[in-house]
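Asker: Please read through the structure below; I'll follow up with questions.
The values are calculated or read from the model by the stated rules, or taken from the named source; none is laboratory data. The structure displayed is predicted, hence computed values, not measured ones. As a convention, Cβ positions derive from the backbone with ideal geometry for all residues, glycine included, and neighbour counts pool all protein chains shown. Keep in mind that these areas ignore ligands, DNA and RNA; they rest on the heavy atoms of the full protein, side chains included. Shrake-Rupley method; radii C 1.70, N 1.55, O 1.52, S 1.80 Å.
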Amino acid sequence: MKDLTLVIPAKNEPESLPYVLMELEKLNLNFLIVLEKTDYLTINAIEKFKSKIIYQVEKGYGDAILLGIKNVKTKYFSIFNADGSFDPYELEAMHERIKSNSLDLLLASRYLKGASSEDDTLITLIGNKIFSLIGKIFFNLPISDILYTYVMGDTQKILDLNLTQKDFTLCVELPIKAKRYGLNITDIAANEKSRIGGTKKVNALRDGLLILLHMIKLFFKNEK
């Protein structure tokens, strides 16, 4: 998978990120890490790894992802969280699927047959189902898990979408704009693991409201 680079947005992950990097190095995968210069605990925790680190000027999960994608030099990229919840052994199947089906964007799903999640709560499960249903009805999205950011895509085609969201609303902006631009997108079953350490960065109620408002904005804006 030499034509693939993992973009790892990290924030306060000194417990989990070293473990994630050990797994990735064993699989000989290309990756780059995006974090804030002031995140000293995480930076110190990964100093023994030969990692390419990109420092954020601004803040936010979406900002870290967009900055990372802009620095990818390979044909494909994958967003890979630093908390240990993504299974790197699923990357091979994702890579094979995106290439063999000439896909532009492939999204992992925790809700397809054979998929699972060790991290979902009742609130996040209900929220994910609702937002995914909104995506199907109002944006004709052929995916079952709109909020799971374990995605793989064609680097240049995703850059051409001119994504702008700096926070967690990027997770809905990405597939919605990809669909509007006529990109070939689908999903694939995945198994989310429990995060290794720290706390979730997502506030289910606050970020859920922001995501809903942004979906409404995209629906009425109805333009690329």
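Asker: Which residue is nearest to Asn203 (Cα to Cα), if the candidates are limited to the stretch 135-153 and must be open to solvent by 10 Å² or more (accessible area, probe 1.4 Å), over 10 Å from the mean Cα position of the chain (by Cα) and not basic (Lys, Arg)?
Answerer: Among them, the one singled out is Ser144.
Asker: Run down Leu141, Leu103, Leu107, Leu66 and say which single residue is out of contact with any His (no Cβ under 7 Å at 6 or more places or on another chain), assigned to a loop (DSSP other than H, G, I, E, B) and within 25 Å of Ile216 (Cβ to Cβ).
Answerer: Result: Leu141 is the single residue among Leu141, Leu103, Leu107, Leu66 that is out of contact with any His (no Cβ under 7 Å at 6 or more places or on another chain), assigned to a loop (DSSP other than H, G, I, E, B) and within 25 Å of Ile216 (Cβ to Cβ).
Asker: Additional query: Report, by residue number, each residue of the stretch 156-174 that is among the polar types (S, T, N, Q) and either open to solvent by 30 Å² or more (accessible area, probe 1.4 Å) or closer than 12 Å to Ala64 by Cα (or both).
Answerer: Selection gives Gln156, Asn162, Thr164, Gln165.
Asker: Collect the residues in the stretch 69-93 that are of a type outside the set (Lys, Arg) and either open to solvent by 50 Å² or more (accessible area, probe 1.4 Å) or assigned to a helix (DSSP H, G or I) (or both), keeping them in residue-number order.
Answerer: Ile69, Pro88, Tyr89, Glu90, Leu91, Glu92, Ala93 - these are the residues of the stretch 69-93 that are of a type outside the set (Lys, Arg) and either open to solvent by 50 Å² or more (accessible area, probe 1.4 Å) or assigned to a helix (DSSP H, G or I) (or both).
Asker: Within the stretch 112-126, track down each residue that is over 17 Å from the mean Cα position of the chain (by Cα) and farther than 29 Å from Met1 by Cα.
Answerer: Thr121, Leu122, Ile123, Leu125, Ile126
Asker: Does Lys11 count as of a type in the set (Lys, Arg), closer than 22 Å to Leu105 by Cβ, open to solvent by 20 Å² or more (accessible area, probe 1.4 Å) and in contact (Cβ under 8 Å) with a residue 12 or more places away in the chain?
Answerer: No; evaluated as a whole, the condition is false for this residue.
Asker: Got at least one residue in the stretch 37-46 being out of contact with any Phe, Trp or Tyr (no Cβ under 9 Å at 6 or more places or on another chain), under 28 Å from Ser132 (Cβ atoms) and either assigned to a helix (DSSP H, G or I) or open to solvent by less than 20 Å² (accessible area, probe 1.4 Å) (or both)?
Answerer: no
Asker: Among the residues of the stretch 49-61, are any closer than 19 Å to Pro175 by Cα and assigned to a helix (DSSP H, G or I)?
Answerer: The answer is yes; a qualifying residue exists.
Asker: With respect to Lys52, determine if the residue is free of Cβ contacts under 8 Å to residues at least 40 places away in the same chain, in contact with a Leu (Cβ under 8 Å, 6 or more places away or on another chain) and loosely packed, with under 15 Cβ neighbours inside 10 Å.
Answerer: Answer is yes for this residue.
Asker: Can you give me the number of residues within the stretch 94-130 that are closer than 24 Å to Leu212 by Cβ, polar (S, T, N, Q) and open to solvent by 30 Å² or more (accessible area, probe 1.4 Å)?
Answerer: Of the residues in that region, 3 qualify.
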